[in-house]
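Working notes, structure below.
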């Protein structure tokens with residue numbers, strides 16, 4: 001999401017010039033699955049539902065949309081709540097390269113290294 005305009009410096013051909021324009025912003029998004037904190041992502045606040053569902057699918061926490069009974073996202077709070085049809089231990093449902101430390105999800109390596 002872009003703001004209406006911010007002042008910033010733009011560098012062209014070795015010269016800095018102050019300009020006003022749209023600036024991309026990022027924010028943390030904490031994902032809770034069945035009430036348990038799963039992970040926090042730093043992301044642009046756009047298409048957050050798709051981001052959450054895609055992440056859970058890539059990590060094999062869900063096999064498809066049919067596994068999700070509810071999804072609510074609050075951009076203001078930086079929080080996403082996901083309810084799965086089959087509650088259970090997320091450590092057994094996640095991709096093998098994913099470890100769960102306590103209630104926090106910590107990938108060993110980027111998911112891009114492990115295509116589906």
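Please treat every number below as a calculation from the coordinates, not as lab data. In this text, all values refer to a predicted model and were calculated from it rather than measured experimentally. Quick reminder, even Gly has a Cβ in these numbers, built from the backbone with ideal geometry, and neighbours come from all protein chains shown.
Sort the following peptides by mean Cβ neighbour count (other Cβ atoms within 10 Å, averaged over residues), highest first: 7-19, 51-63.
51-63, 7-19
Put a dot 7 Å past each Cα toward the Cβ at residue 60 and residue 86; how far apart are the dots in nm?
1.3 nm
Measure off 7 Å from each Cα along the Cα-to-Cβ vector at residue 34 and residue 49, then give the distance between these two points in nanometres to one decimal.
According to this spin-label approximation, the distance is 2.3 nm.
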